[in-house]
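Heads up: the structure comes next, in structure tokens.
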Amino acid sequence: MSNPHRTITLPDPLPLDSGQVLAGVEIAYETYGTLNADKSNAILVCHALTGDQYLASTHPITGKPGWWERMVGPGLPIDTDRYHVICANVIGSCMGSTGPASLAPDGAPYGMRFPVITIRDMVRGLVGLLDGLGIGTLHAVVGGSMGGMQALSLAANFPDRAARVLAIATTARHSAQNIAFHEVGRQAIMADPDWREGDYYADGKAPDAGLAVARMAAHITYLSEEGLTEKFGRRLQDRSEKTFGFDADFQVESYLRYQGSGFTRRFDANSYLYITRAMDYFDIAEEHAKDANEGKLADAFAGSRARFCLVSFDSDWLYPTAESRHVVHALNAAGAPVSFVELSAPFGHDSFLLDVPALDRVVKGFLDG
Amino acid sequence: MAELRPDLRTILARIEPGSRALDVGCGDGVLMAALRDRSQVDARGIEIDGACVERCVAQGLSVVQGDADRDLAFYPDGAFDYAILSQTLQTAARPDHMLAELLRVGRRAFVSFPNFAYWRMRWALVSRGRMPVTRHLPVSWYETANIHHVTVKDFEELAASLGIAIENRWFFTREREISGSGANWRAEYALFEVSRAG
């Protein structure tokens, strides 16, 4: 099967946290801006759970603009006139990088035979890409949400690979509430009769209903209550009265259904299982625990020489400010140069993707400084 | 480069190039930027006001939004050569704890504060019988962040009782440095360089 995305095949098998090894790993990526002669102007942008490498270019499936076009481009805060910006699809995903929908060595899709991966495994894949591109130390690694987890993980595990680490609306560990919401999504997928233990690729009948429910539940966590109330309130959808039935009477129901069904056209249900699992397993302090002791997050960053910047949003209840502060305190304890600001924005967790001019100023100032 | 306030100019001149400094309550980062640009100091800041932090980060400064009363605790002992607390001591929940913390994370500290025993203050209190509102303390008593008014003498006594050594002292009135004689009357604000005694 030919891959329609731009990819690199890693020359070496990728060792995984599970103890398994993934061979023949493909990493799909896009780049923007020109790499300078000494390869010192590269910025790696890491995408979130359902994101992909189409950072600042049209998405080939949806035809929509890149997911961070407001941030990345000529003259924008991540300025492609200055920087060579790289964005890669994480392993486990479904936009060209090796994931559960990819073919295993036996020629059939992996499905649930794909090994369970972690955020650190995703980062190993990204570092493999950087090696392949001949890039030693990044000018910066940048990410929001799960992308921020990758940025922090790269800083902790590959401390010499990035001079600056910008982690937005993220956390160093998944909380019980984070895990709980993901479990709802996974159970929705696995309860769909079309899921068939993940072996659904042959006949094109995928567990879309389950995946849509998973997306709907998750989407609520990306928005603030204030934002939902302002956008939808209790307004009805294209009708003047309640129907006393179970159609999407309310605008908010219609919106969520639209989000759910749109998502199934571009995302693989098994990828959703694997990536949410990776996020749930994420706990940088635990990764760096010595002996049987509970890990200290500061120890994870002890070897880092990078400058850090963390940004949270006051309306984000998925990865609230306290989680960023937790990381900041650990970085203070490790003696790392760190900036942190909680920005005010009404959009909840999704604020990092939306129009927040203060974020633009912080991103530009940190990257150019 | 914008003109620095005289106390900040003094601090800038006293801090050794290439050293590490923590500016507690760094505001817009004007001192941090000067330390970085003129003295290659590894300067870090704490500032409670988000808009100020944003302006600092936009200048490439390493500033953490936080509350010094709470967040200094997360810095390890001796992490800095200098801790700086300019015009902020009087806003601390416990200035005595704050001083101790400054000299835990820093080898030395610079502390400046408005002198409540400045003669204009005394005169305003005596003549009008009201809490003074002056150029240097411009906010009414009920909305001021300055919850612990302090005088030069008070500070010197506190330092002695905490076993803190006063290395240097400077006094300022109307943005000019003045001599130390009668400072508790004459100084609008004071700057002390302190260290752990012993």
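The values are calculated or read from the model by the stated rules, or taken from the named source; none is laboratory data. Treat the numbers as computed from the prediction; the structure is a model and nothing was measured. Positions of Cβ are backbone-derived with ideal geometry, glycine not excepted, and every protein chain shown enters the neighbour counts.
Miscellaneous remarks
- Of everything in segment A:274-310 that is over 17 Å from residue A:158 (Cα atoms) and without any contact (Cβ under 8 Å) to a residue 60 or more places away in the chain, the residue that is nearest to the other protein chains (Cβ to nearest Cβ) is A:296.
- Conditions (1) within 22 Å of residue A:189 (Cα to Cα); (2) polar (S, T, N, Q); (3) in a helix (DSSP H, G or I); number of the one not met by residue A:153: (1)
- Complete set of residues in segment A:357-369 that are surrounded by fewer than 23 Cβ atoms within 10 Å (Cβ to Cβ) and among the hydrophobic types (A, V, I, L, M, F, W, C): A:358, A:367
- So residue B:18, is it over 19 Å from the mean Cα position of the chain (by Cα) and modelled with pLDDT under 95: no
- Of the residues in segment A:203-217, not one is among the small types (Gly, Ala, Ser), closer than 30 Å to residue A:31 by Cβ, surrounded by 24 or more Cβ atoms within 10 Å (Cβ to Cβ) and under 17 Å from the mean Cα position of the chain (by Cα).
- Within segment A:311-341, the set of residues being at the interface with chain B (Cβ under 7 Å from one of its Cβ atoms), of a type in the set (A, V, I, L, M) and part of a helix (DSSP H, G or I) comprises A:328, A:333.
- Near pairs, Cβ below 9 angstrom, 6+ apart or cross-chain, from segment A:342-369 (more than 9 Å from chain B (Cβ to nearest Cβ)) to any residue that is polar (S, T, N, Q) and surrounded by fewer than 18 Cβ atoms within 10 Å (Cβ to Cβ): A:356/A:344
- The C-beta contact set for segment B:142-169 (first residue farther than 22 Å from residue B:131 by Cβ, second residue of a type in the set (Asp, Glu), distance under 8 angstrom, 6+ apart or interchain) comprises B:162/B:96; B:166/B:156; B:166/B:193; B:167/B:193; B:168/B:193; B:169/B:193.
- Of all residues in segment B:1-15 being more than 21 Å from residue B:89 (Cα to Cα) and in contact (Cβ under 8 Å) with a residue 12 or more places away in the chain, the one that is farthest from the chain's Cα centre (by Cα): B:1
- Residues of segment B:61-93 classified as within 7 Å of chain A (Cβ to nearest Cβ) and surrounded by fewer than 21 Cβ atoms within 10 Å (Cβ to Cβ), total: 3
- Hits in segment A:246-267 (condition: among the small types (Gly, Ala, Ser) and not in a loop (DSSP other than H, G, I, E, B)): A:254, A:260, A:261, A:262
- Residue in segment A:42-53 that is among the β-branched types (Val, Ile, Thr) and part of a strand (DSSP E or B) present: yes
- Filter result for the condition that a residue is at negative phi, at pLDDT 95 or above and surrounded by 19 or more Cβ atoms within 10 Å (Cβ to Cβ), over A:136, A:144: A:144
- Residue in segment B:88-99 that is in contact with a Gly (Cβ under 7 Å, 6 or more places away or on another chain), in contact (Cβ under 8 Å) with a residue 60 or more places away in the chain and not basic (Lys, Arg) present: yes
- Filter result for residue A:29 (in contact (Cβ under 8 Å) with a residue 60 or more places away in the chain, within 23 Å of residue A:263 (Cα to Cα) and crowded, with 19+ Cβ neighbours inside 10 Å): yes
- Qualifying residue in segment A:64-71 (condition: under 17 Å from the mean Cα position of the chain (by Cα) and of a type in the set (Phe, Trp, Tyr)): yes
- When residues of segment B:173-198 are limited to those that are small (Gly, Ala, Ser) and in a strand (DSSP E or B), the one surrounded by the most Cβ atoms within 10 Å (Cβ to Cβ): B:190
- The condition of being closer than 30 Å to residue A:233 by Cβ, out of contact with any Asp or Glu (no Cβ under 7 Å at 6 or more places or on another chain) and of a type in the set (A, V, I, L, M, F, W, C) does not hold for residue A:282.
- Sub-9 Å Cβ pairs linking a first residue in segment B:43-57 that is within 7 Å of chain A (Cβ to nearest Cβ) to a second residue that is basic (Lys, Arg), at least 6 apart or interchain, are B:44/B:20; B:54/A:361; B:57/A:361, ordered by first then second residue.
- Flag for residue A:206 being in contact (Cβ under 8 Å) with a residue 60 or more places away in the chain, touching a Ser or Thr at 6+ places or on another chain (Cβ under 8 Å), over 20 Å from residue A:262 (Cβ atoms) and among the hydrophobic types (A, V, I, L, M, F, W, C): no
- Single residue of segment B:184-198 satisfying the filter (of a type in the set (A, V, I, L, M, F, W, C) and closer than 18 Å to residue B:160 by Cα) that is modelled with the lowest pLDDT: B:197
Let's see how each residue does on (1) modelled with pLDDT under 95; (2) touching a Phe, Trp or Tyr at 6+ places or on another chain (Cβ under 9 Å); (3) under 13 Å from residue A:129 (Cβ atoms):
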| position | (1), (2), (3) |
| --- | --- |
| A:4 | yes, no, no |
| A:9 | no, no, yes |
| A:18 | no, no, no |
| A:37 | no, no, no |
